[in-house]
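Engineer: Following this message is one structure expressed as structure tokens.
No lab work stands behind these numbers, since they all come straight from the coordinates. These numbers come from a predicted model, not from an experiment. Neighbour counts run over all protein chains shown; Cβ positions are idealised from the backbone, glycine included.
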Amino acid sequence: MSVDSSANDVAWAPAVAFYFRVTFHGKPSISDTNFKEVSGLTVDMDVETVKEGGENNFTHQLPLRLKHNRLVLKRALAKMDNDLEKWVKDNLENGFSIGFTPRNITITLLDSDGKPFSQWLCSNAYPAKWDLSVLDAEKNALVIETLELNYNLLSRTQ
């Protein structure tokens with residue numbers, strides 16, 4: 001049995017996890033492809049367990065609210081002369097005195113041609129933690145900075 005394919009068929013290729021871009025919306029807009037890892041794109045539903053009188057075979061699981069893990073971005077340590085570093089520093093060091101400046105963040109997974117394959121939007125994100133990897137004189141490794149951000153809502157936009 002042969003499969004008939006026409007010239008209009010679109011070739012499908014699976015997504016690769018290593019070709020992505022992170023964009024921080026706002027003024028100025030910051031687009032960064034230098035992150036080595038993105039994690040925390042997670043949505044979890046809190047539930048309330050309710051026991052029904054006389055029913056011993058199960059409990060009711062009632063949905064309450066969505067919760068999101070922190071968005072975690074990792075990259076090699078960069079100099080503090082860019083807009084992303086300034087935004088992180090301003091929020092972590094001065095956020096309580098001058099006010100936090102949340103940003104929408106888009107994580108774009110790119111195809112082999114560098115075009116968007118899929119996108120996720122983290123709404124109203126702000127820095128919650130900055131971490132530096134261990135400095136070890138016995139290892140030949142890059143210094144990695146980790147940025148953790150809280151956000152309100154995760155949505156897949158493409």
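Engineer: Going by the conditions given, is ILE105 surrounded by 14 or more Cβ atoms within 10 Å (Cβ to Cβ), over 14 Å from the mean Cα position of the chain (by Cα) and under 24 Å from VAL22 (Cβ atoms)?
Structural biologist: Answer is no for this residue.
Engineer: Would you pick out the residues in segment 29-47 that are assigned to a strand (DSSP E or B) and either touching a residue at least 60 places away in the same chain (Cβ under 8 Å) or surrounded by 11 or more Cβ atoms within 10 Å (Cβ to Cβ) (or both)?
Structural biologist: Going through segment 29-47, the residues assigned to a strand (DSSP E or B) turn out to be 30-32, 35-39, 43-47.
The answer is ILE30, SER31, ASP32, PHE35, LYS36, GLU37, VAL38, SER39, VAL43, VAL47.
Engineer: Inspect all residues belonging to segment 12-31 and state whether any of them is over 15 Å from TRP120 (Cα atoms), under 27 Å from the mean Cα position of the chain (by Cα) and of a type in the set (D, E, K, R).
Structural biologist: Checking segment 12-31: at least one residue is over 15 Å from TRP120 (Cα atoms), under 27 Å from the mean Cα position of the chain (by Cα) and of a type in the set (D, E, K, R).
Engineer: Filter segment 129-158 down to residues that are of a type in the set (Ser, Thr, Tyr) and in contact (Cβ under 8 Å) with a residue 40 or more places away in the chain and give me whichever is surrounded by the fewest Cβ atoms within 10 Å (Cβ to Cβ).
Structural biologist: Applying the filter and picking the extreme gives THR157.
Engineer: From (1) in a loop (DSSP other than H, G, I, E, B); (2) over 14 Å from PHE24 (Cα atoms); (3) of a type outside the set (A, V, I, L, M, F, W, C), pick out the condition that doesn't hold for SER118.
Structural biologist: Among (1) in a loop (DSSP other than H, G, I, E, B); (2) over 14 Å from PHE24 (Cα atoms); (3) of a type outside the set (A, V, I, L, M, F, W, C), SER118 violates only (1).
Engineer: LEU92 - would you say it is closer than 24 Å to THR146 by Cβ, of a type in the set (A, V, I, L, M, F, W, C), in contact (Cβ under 8 Å) with a residue 40 or more places away in the chain and surrounded by 11 or more Cβ atoms within 10 Å (Cβ to Cβ)?
Structural biologist: Here the answer is no, as LEU92 does not meet what is asked.
Engineer: Which ones in segment 33-51 are of a type in the set (Lys, Arg) and in contact with a strand residue (DSSP E or B) (Cβ under 6 Å, 6 or more places away or on another chain)?
Structural biologist: The answer is LYS36, and nothing else.
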